[in-house]
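Accompanying notes for the structure given below.
The values are calculated or read from the model by the stated rules, or taken from the named source; none is laboratory data. If you're wondering where the values come from, they're calculated on a predicted model, not measured in any experiment. For neighbour counting, all protein chains shown are included, and Cβ atoms are generated from backbone atoms with ideal geometry for every residue, glycine included.
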Amino acid sequence: MKESVITSRANPLVKSIGGLTDKKNRIKEEAFRFDGIKLFCEAVDFGMDIKNVILKVPEKESVKEAVEKAVSSGRLDERCVVRVGESVFEKLSEERAPEGIITVASFVPSLHCRENFQKAADIASGHKKILILESVRDPGNLGAIMRSCNALGIELLVISSDCADIYSPKTIRSAMGAVFKQKTLTVPVEELAEFITALRTSGRRVYATALSDRSLSIDDIKLGESDCFVIGNEGHGLSEGVIESCDAPVIIPMVEGAESLNAAVAASLCVWETVRIKKYNRGNV
């Protein structure tokens, strides 16, 4: 491995990696970065295209062993490993208690792709278990939803183009390893209602999580295997156009006077309802 240590914050590589905190630079470079040994190990295990691994000198023994193992197994190119001084690493890291390793990896278009509504509907038709998000702008919520989807068996997470960035460091931190596993499909926000209409035309029922006079309780819906939910913006909920494009609005019953659920919590509850239907079903709708 390279033994030279970068000590200048003005180093071009350091500046380039630091710039990946901004979405425009991530898109330009088609790369993203993340902190920590756990995410590094998961990225290696899932065969991510790793461009750089930044190590703080002196290295922690656990970090050193993980990197050496990845190199010796042929899953990490030794030339990708870069060592930097403590002050340089502090500039790059976004963690309060950094572990001394930052990884830069290429985008994964086969896992996280973008399509217009018609192509997106064709792709979605090949997946039984899906969840749809409109304008979920908090990266922590998006990451938590990705984590729940991956854990509970959602095959495809569809998100509108104005949702938080999948490759944002905050999304990745919240999603943990799910960012390397959960398939996502981004649809233009102005075409989301058309996408939902196309799904319904193919025979799938789509329910909007929204409070209205005609809302059904999620308890009273007899879900089919391909039915799905749409989760809306943290503050404003779903747009009227999206609600109207769905089969019906639904609510998650709560005790009187309770605050509305966090978007990630609501999404997790809806996902659970869609994945457990083979074991248990309620209602007659």
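Would you please name the residue that is surrounded by the most Cβ atoms within 10 Å (Cβ to Cβ), looking only at residues in region 193-247 that are among the basic types (Lys, Arg) and part of a loop (DSSP other than H, G, I, E, B)?
Let us first name the residues in region 193-247 that are among the basic types (Lys, Arg), namely 200, 204-205, 214, 222.
With the extra rule that they be part of a loop (DSSP other than H, G, I, E, B), the set shrinks to 204-205, 214, 222.
Numbers: ARG204: 20, ARG205: 17, ARG214: 7, LYS222: 11.
That would be ARG204.
Restricting the search to region 1-46, which residues are among the charged types (D, E, K, R) and surrounded by 15 or more Cβ atoms within 10 Å (Cβ to Cβ)?
Taking region 1-46 as the starting set, the residues that turn out to be among the charged types (D, E, K, R) are 2-3, 9, 15, 22-24, 26, 28-30, 33, 35, 38, 42, 45.
Residues satisfying the conditions are ARG9, ARG26, GLU29, ARG33, ASP35, GLU42.
From the list VAL265, VAL179, pick out the single residue that is in a helix (DSSP H, G or I), crowded, with 21+ Cβ neighbours inside 10 Å and out of contact with any strand residue (DSSP E or B) (no Cβ under 6 Å at 6 or more places or on another chain).
Numbers: VAL265 fails: crowded, with 21+ Cβ neighbours inside 10 Å.
Residue meeting the stated conditions: VAL179.
Has region 81-92 got any residue that is without any contact (Cβ under 8 Å) to a residue 24 or more places away in the chain and out of contact with any Pro (no Cβ under 9 Å at 6 or more places or on another chain)?
To start, the set of residues in region 81-92 that are without any contact (Cβ under 8 Å) to a residue 24 or more places away in the chain comprises 90.
If we keep only those that are out of contact with any Pro (no Cβ under 9 Å at 6 or more places or on another chain) as well, we get none.
The answer is no, given that none of the residues of region 81-92 is without any contact (Cβ under 8 Å) to a residue 24 or more places away in the chain and out of contact with any Pro (no Cβ under 9 Å at 6 or more places or on another chain).
Restricting to region 109-136, give me the number of residues that are surrounded by 18 or more Cβ atoms within 10 Å (Cβ to Cβ) and assigned to a helix (DSSP H, G or I).
4
Return the residue satisfying two criteria in turn: it lies in region 58-108 and is out of contact with any strand residue (DSSP E or B) (no Cβ under 9 Å at 6 or more places or on another chain) and part of a loop (DSSP other than H, G, I, E, B), and of such residues it is surrounded by the fewest Cβ atoms within 10 Å (Cβ to Cβ).
Taking the candidates together, the pick is ARG96.
In this structure, does ALA97 turn out to be without any contact (Cβ under 8 Å) to a residue 40 or more places away in the chain and either among the aromatic types (Phe, Trp, Tyr) or closer than 30 Å to SER16 by Cα (or both)? Step through it out loud before you land on a result.
Values: without any contact (Cβ under 8 Å) to a residue 40 or more places away in the chain: yes; either among the aromatic types (Phe, Trp, Tyr) or closer than 30 Å to SER16 by Cα (or both): yes.
The answer is yes for ALA97.
State whether one or more residues within region 50-57 are touching a residue at least 40 places away in the same chain (Cβ under 8 Å), part of a helix (DSSP H, G or I) and more than 15 Å from GLU99 (Cα to Cα).
Initial filter on region 50-57 (touching a residue at least 40 places away in the same chain (Cβ under 8 Å)): 50-57.
Subset that is part of a helix (DSSP H, G or I): none.
Looking for residues that are touching a residue at least 40 places away in the same chain (Cβ under 8 Å), part of a helix (DSSP H, G or I) and more than 15 Å from GLU99 (Cα to Cα), one finds none in region 50-57, hence no.
When you look at ALA208, is it in contact (Cβ under 8 Å) with a residue 60 or more places away in the chain and within 23 Å of the chain's Cα centre (by Cα), yes or no?
no
Would you mind finding the one in ALA66, ALA120, ALA70 that is of a type in the set (A, V, I, L, M), in contact with a Leu (Cβ under 6 Å, 6 or more places away or on another chain) and free of Cβ contacts under 8 Å to residues at least 60 places away in the same chain? Don't jump to the end; show me each part of the working.
On the way: ALA66 fails: in contact with a Leu (Cβ under 6 Å, 6 or more places away or on another chain); ALA120 fails: free of Cβ contacts under 8 Å to residues at least 60 places away in the same chain.
None of the others qualify; the one that does is ALA70.
Could you identify the single residue in ASP247, ASP227 that is of a type outside the set (Phe, Trp, Tyr), out of contact with any Asp or Glu (no Cβ under 8 Å at 6 or more places or on another chain), more than 15 Å from ALA193 (Cβ to Cβ) and at pLDDT 90 or above?
Values: ASP247 fails: more than 15 Å from ALA193 (Cβ to Cβ).
After ruling out the rest, the residue left standing is ASP227.
Within region 137-149, is even one residue more than 14 Å from the chain's Cα centre (by Cα), farther than 19 Å from ALA43 by Cα and either part of a loop (DSSP other than H, G, I, E, B) or in the same structural domain as GLU30 (by TED's automatic domain parsing) (or both)? Don't jump to the end; show me each part of the working.
First pass over region 137-149, keeping only residues more than 14 Å from the chain's Cα centre (by Cα): none.
There is no residue in region 137-149 that is more than 14 Å from the chain's Cα centre (by Cα), farther than 19 Å from ALA43 by Cα and either part of a loop (DSSP other than H, G, I, E, B) or in the same structural domain as GLU30 (by TED's automatic domain parsing) (or both).
Please go through region 17-47 and pick out each residue that is at pLDDT below 95 and among the polar types (S, T, N, Q).
THR21
Please pick out the residue among ILE166, ILE154, ILE159 that is in contact (Cβ under 8 Å) with a residue 60 or more places away in the chain, outside any helix (DSSP H, G or I) and either farther than 24 Å from PHE40 by Cα or in the same structural domain as GLU225 (by TED's automatic domain parsing) (or both). First the steps, then the outcome.
Working: ILE166 fails: in contact (Cβ under 8 Å) with a residue 60 or more places away in the chain; ILE159 fails: in contact (Cβ under 8 Å) with a residue 60 or more places away in the chain.
The conditions single out ILE154.
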